[in-house]
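Step one of this worksheet: look at the structure below.
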Amino acid sequence: MSDMRFIMIGIVLVFVGFIILGVFGHNYQASTLESNEFETCFKYSTDNPPVEINCSLKVIDQILFFVLIIGFIGAGIIALIKGVKGNWDSKIKPEDMVGPGRRDNED
């Protein structure tokens, strides 16, 4: 795969990670605060009153969400590093070269 593709994939993965964190992250902020301060957690919905749930399940959901985000951002960073450290397409075969500097050896 071309080095520029790795750079573009890395940028997209990091961007997607931050977008997902920004859009859905507010749903997972309160679980740590609820479990540490109040020792009871509630599941909130718009139609029903809050329902008490197990705090450990809410914290596990939060951890899985952040693992997903770290996975996206980490994969993006790895792709960026692979793209930057690549050969920058410098290993082009002479017969594949195009442009004004190319010499045709065909008779």
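The values are calculated or read from the model by the stated rules, or taken from the named source; none is laboratory data. Keep in mind the model is a prediction, meaning the values are calculated, not measured. All Cβ positions, even for glycine, are placed from backbone atoms using ideal geometry, and neighbour counts span all protein chains on display.
Across the stretch 56-75, not a single residue is classified as modelled with pLDDT under 85, touching a helix residue (DSSP H, G or I) at 6+ places or on another chain (Cβ under 7 Å) and either part of a loop (DSSP other than H, G, I, E, B) or among the small types (Gly, Ala, Ser) (or both). For residue 17, the test of being modelled with pLDDT of 90 or more and outside any loop (DSSP other than H, G, I, E, B) is passed.
Quick grid of which residues meet (1) β-branched (Val, Ile, Thr); (2) under 21 Å from residue 20 (Cβ atoms); (3) exposed (fewer than 13 other Cβ atoms within 10 Å of the Cβ):
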{"position": "39", "(1), (2), (3)": "no, no, yes"}
{"position": "43", "(1), (2), (3)": "no, no, yes"}
{"position": "67", "(1), (2), (3)": "yes, yes, yes"}
{"position": "71", "(1), (2), (3)": "no, yes, yes"}
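Inspect the stretch 31-45 for any residue being among the charged types (D, E, K, R) and closer than 30 Å to residue 85 by Cβ and give the result as yes or no. No.
The residues listed here are 34, 95; of these, the one that is over 20 Å from the mean Cα position of the chain (by Cα), within 30 Å of residue 8 (Cα to Cα) and in a helix (DSSP H, G or I) is 95.
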